[in-house]
Structure formats: C-alpha cells, structure tokens
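Supplied in structure tokens, the structure appears directly below.
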C-alpha cells in the first residue's frame, strides 16, 4: 500500500505526519511526503522572471526540500519506508497528478477548518482532493481547539 501525505510546512504538519506514521505502520504502507510549491510567478515582459526573484524562489525551494527530507528521515527512523517529493503547481492538481504517478492508494491531508465563508472564498485543498480525486482521503483536523 502507498500513502501520499500532503504537507504545507504549517504548524500542524507534525500532527499530520504522526497520523501518517500510525497509518503506515498499521497498513504496512510506504509513504510519499509531498509538498506542492507555488507555481512560477508570471511576470510581464520576462520569460523566467527577474534574477533576484529567481534567486529567492530557488532559495525557498531548497529550504522546502530540506524540510521534506527531515520529515522523511523522521519517518524512516520510526521504521516507515518514506520518500520526499517537491512538486510545483496548483496544490490540488499537483497532488492529484502525483497520486496518479506514484500509484497512491490513500491521500492524507490536514484541514485547517477555517469556516464556510473562508472555504468558499479561498477553497479547501482537502475538499478539492475529495471532489476531484478518485482516491480515498484521510483528513486530519488541525484547526484551533475551542476552549
């Protein structure tokens, strides 16, 4: 079995990875930890963007890739077969394409639970994966707890 675990480097990423680790161990599954980075910015009059912006984007991508590697190292230390991959593009579409490419059996993603209005305006990655995908999706609630 193969799990695709989507991370966004926000605070709840550790919780999502803990859930993924438990699932992987109980299902004897391998894990792909995936982050969908922002697509290339569009610049009027530039094919690849100004050099300073390209440098900043490259630096951010290197940092994101290092973070992904740390996450997979932690999973491996816990006995889980894990690999990291950084993709570029619109989050839902990039994650679905990677699930297809890697032959994922299950997608694990967090949900910030922003509320109905925010979801309508901003959209929701978890909802997009559920609606557009053909994979089962485990949604880890990571919103703020009410007191």
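The values are calculated or read from the model by the stated rules, or taken from the named source; none is laboratory data. Bear in mind that the values here come from a model prediction, so they are computed numbers and not experimental data. Here the Cβ positions follow ideal geometry from the backbone for every residue, glycine too, while neighbour counts run over all protein chains shown.
Answer yes or no as to whether residue 110 is assigned to a strand (DSSP E or B) and at pLDDT below 90.
Yes.
Let me ask something else. Any residue in the range 31-52 that is at pLDDT 95 or above, assigned to a loop (DSSP other than H, G, I, E, B), surrounded by 14 or more Cβ atoms within 10 Å (Cβ to Cβ) and touching a helix residue (DSSP H, G or I) at 6+ places or on another chain (Cβ under 8 Å)?
No, the range 31-52 has no match at all.
Being farther than 12 Å from residue 7 by Cα and at pLDDT 95 or above is true for just one of 89, 79. Which residue is that?
Unique residue meeting the criteria: 79.
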